[in-house]
Amino acid sequence: MSITEDNGVNHQKKSFYRSVPFQIAIAAGVSFTAPGMWDALGGLGAGGAAEPFAVSAANAILYALFAVFCILAGAINNRIGLNWGLAIGAIGYPLYGAGLYTNNKTATTWFMIFGSVCCGISAGFFWAAEAAIIIGYPSPRERGFYLACWQTAKASGPIIGGAITLGLNANRETAGSVGSATYIVFIVLMCLGLPIALCLSPAHKVWRKDGTRVVVHKHASWGAELQAVGRLAISRRILLLVPAFFISYFYNPFVSTWLTSYFTVRSRAFSSFFTPFAGIFSSFIIGSFLDRQSIFIRTRARTAFAVIVIMLCGTWIWAIILQKRFYDNPPVFDWFKGGFGSAYALVFFWTFTGQAFQQFCYWIVGQYTTDLTSLSHHTGILRGLEALGQTVAWALQSQAQVNHFVSIGLNFGILLIAIIPTWIVVSALDHTHEIVVTEEIITSDNKSDEGEGSLSIPSESRTPNLSGVQLPTVN
């Protein structure tokens, strides 16, 4: 995805402020304060509320908007820059937290709906931008590692938030809503996302330690950007991946309802604190495996996907067994008492395997893109389809009398449907997906049309590494 600099010519000292690790740290910081805190609230079950149904309905609205704006943001962020897309994306999360606070404090639903609408729109920009940054800024051979770092930062939000929640609610042995002070702390942390996002560097100024540069190619107009997204959305590879993208986070709303239905407040607070560690463990395990160059890329992909599918199938079989046990006499588990271990372990492994599956989807997308424009479009579609899945899942959980077996069956069934088409895409990987992608030298007229610092590349062009190509100075 880059041009190689001629290190023999360019001796200018590069600023750490423009380095990949710094950019990943900025993206991770925003992920910690915005969606990380959002996940911390979700880890309480229904945003910490006593009744999950109103919150589930608000989240269904959020994800419906998220699905639409994430796909559009893949094109918009490419025009305005990923740094501005990330900043816009951080705005809506504090409003969502404020909406949950007012609902908890005064049972006001209109502001909770308003916060969900704002968060749904801004989250589309956030995830389309952040996913492109995390996959596109590092070199191809470091993507698994930086994906794991990003997921760790995202998981750290629920860990810190869960520790706060646990401290504020540790004496609450009954089911119900969490204390209002919990929301205040989360809202303050969410507000930090915007100033952190403004520190991100534009893509064309970022340098990598291996001497390569990020390829940036803007289409000639807004219409061309949207047309490119449309063409990609109906391409064979994306259509094959639709079931995998749709199901990758479909389980999350059901986990929220499961926690609210069967666990006390302090047990949910414990889950909010401890469960994110599952995502951290699985992220580094799968990230280190997918980056291992000594194993052929297709073998890595097939092995990782097979293990993830087997583990996911195991969790849903486990869920069926437990749900059958809970059906006639629903329990309320307090921490580390009578049956808590087997019920909570399922939540832990849902997160462990679910996070690995999502990271695998990001990695697959990264292998089939050649420049930041294509990557932005791919990640926008990926997150949009994930959000569409969660829209359906949250809408299902918003029904007060929903049968948990229906949710379990949908999760299990769509997962099985996703196996064969995803396997077809995985089986098409070969070694060319991990070689350095370089620019074709373009005329000055074309370059001026694209804008300063923006370079053009054919969407599927891969050529041998070009040594000796002098690049513009990175500020």
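The values are calculated or read from the model by the stated rules, or taken from the named source; none is laboratory data. None of the values given here were measured: they were computed from a predicted structure. Cβ placement follows ideal geometry from the backbone for every residue including glycine, while neighbour counts extend to all protein chains displayed.
For the range 292-332, what are the residues that are in contact with a Phe, Trp or Tyr (Cβ under 7 Å, 6 or more places away or on another chain) and exposed (fewer than 13 other Cβ atoms within 10 Å of the Cβ)?
Selection gives 330, 332.
Residues are listed down the side, and each one gets a yes or a no for (1) of a type in the set (Gly, Ala, Ser); (2) in a helix (DSSP H, G or I); (3) under 19 Å from residue 420 (Cα atoms):
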| residue | (1), (2), (3) |
| --- | --- |
| 201 | yes, no, no |
| 209 | no, no, no |
| 223 | yes, yes, no |
| 232 | no, yes, no |
| 237 | no, yes, yes |
| 243 | no, yes, yes |
| 249 | no, no, yes |
| 256 | yes, yes, no |
| 260 | no, yes, no |
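Hey, residue 236 hits all of (1) among the charged types (D, E, K, R); (2) under 16 Å from residue 365 (Cα atoms); (3) touching a residue at least 24 places away in the same chain (Cβ under 8 Å) but one; which does it fall short on?
(3)
Answer with yes or no whether residue 116 is of a type in the set (S, T, N, Q), at pLDDT 85 or above and closer than 24 Å to residue 265 by Cα.
yes
Considering (1) crowded, with 18+ Cβ neighbours inside 10 Å; (2) outside any helix (DSSP H, G or I); (3) basic (Lys, Arg), say which one residue 383 fails and leave the rest.
Just one mismatch for residue 383, condition (2).
Any chance the range 322-331 includes a residue that's under 28 Å from residue 152 (Cα atoms) and of a type outside the set (S, T, N, Q)?
Checked the range 322-331: no residue is under 28 Å from residue 152 (Cα atoms) and of a type outside the set (S, T, N, Q).
In the set 305, 333, 340, which member is under 26 Å from residue 63 (Cβ atoms), of a type in the set (Phe, Trp, Tyr) and touching a residue at least 12 places away in the same chain (Cβ under 8 Å)?
One residue alone meets the criteria, 305.
Which number in (1) surrounded by 24 or more Cβ atoms within 10 Å (Cβ to Cβ); (2) at pLDDT 70 or above; (3) under 30 Å from residue 141 (Cβ atoms) marks the one condition that residue 1 misses?
With respect to (1) surrounded by 24 or more Cβ atoms within 10 Å (Cβ to Cβ); (2) at pLDDT 70 or above; (3) under 30 Å from residue 141 (Cβ atoms), residue 1 is out only on (2).
With respect to residue 412, determine if the residue is under 18 Å from residue 308 (Cα atoms) and not β-branched (Val, Ile, Thr).
yes
So which of 80, 91 ends up being over 19 Å from the mean Cα position of the chain (by Cα), at pLDDT 85 or above, at negative phi and not aromatic (Phe, Trp, Tyr)?
Going through 80, 91 in turn, just one is over 19 Å from the mean Cα position of the chain (by Cα), at pLDDT 85 or above, at negative phi and not aromatic (Phe, Trp, Tyr): 80.
Restricting attention to helices (runs of 4 or more DSSP H) lying wholly within the range 263-340, give those where 1 or more residues are among the basic types (Lys, Arg).
By residue number, 265-274, 297-326.
Tell me which residues, restricted to the range 262-282, are of a type outside the set (Val, Ile, Thr), surrounded by fewer than 24 Cβ atoms within 10 Å (Cβ to Cβ) and closer than 30 Å to residue 418 by Cα.
Answer for the range 262-282, where residues must be of a type outside the set (Val, Ile, Thr), surrounded by fewer than 24 Cβ atoms within 10 Å (Cβ to Cβ) and closer than 30 Å to residue 418 by Cα: 274, 277, 278, 281.
Looking for something touching a helix residue (DSSP H, G or I) at 6+ places or on another chain (Cβ under 6 Å), modelled with pLDDT under 95, outside any helix (DSSP H, G or I) and surrounded by 15 or more Cβ atoms within 10 Å (Cβ to Cβ) - is there at least one such residue anywhere in the range 407-417?
no
Would you mind stating whether residue 146 is surrounded by fewer than 24 Cβ atoms within 10 Å (Cβ to Cβ), in a helix (DSSP H, G or I), in contact with a Pro (Cβ under 9 Å, 6 or more places away or on another chain) and of a type outside the set (Gly, Ala, Ser)?
Judged against the criteria, residue 146 is a match.
Would a scan of the range 342-351 turn up a residue that is crowded, with 24+ Cβ neighbours inside 10 Å and closer than 30 Å to residue 75 by Cβ?
Checked the range 342-351: no residue is crowded, with 24+ Cβ neighbours inside 10 Å and closer than 30 Å to residue 75 by Cβ.
If I filter the range 42-62 for residues that are at pLDDT 80 or above, surrounded by fewer than 24 Cβ atoms within 10 Å (Cβ to Cβ), in contact with a helix residue (DSSP H, G or I) (Cβ under 9 Å, 6 or more places away or on another chain) and not in a helix (DSSP H, G or I), do I get at least one hit?
No, the conditions are met nowhere in the range 42-62.
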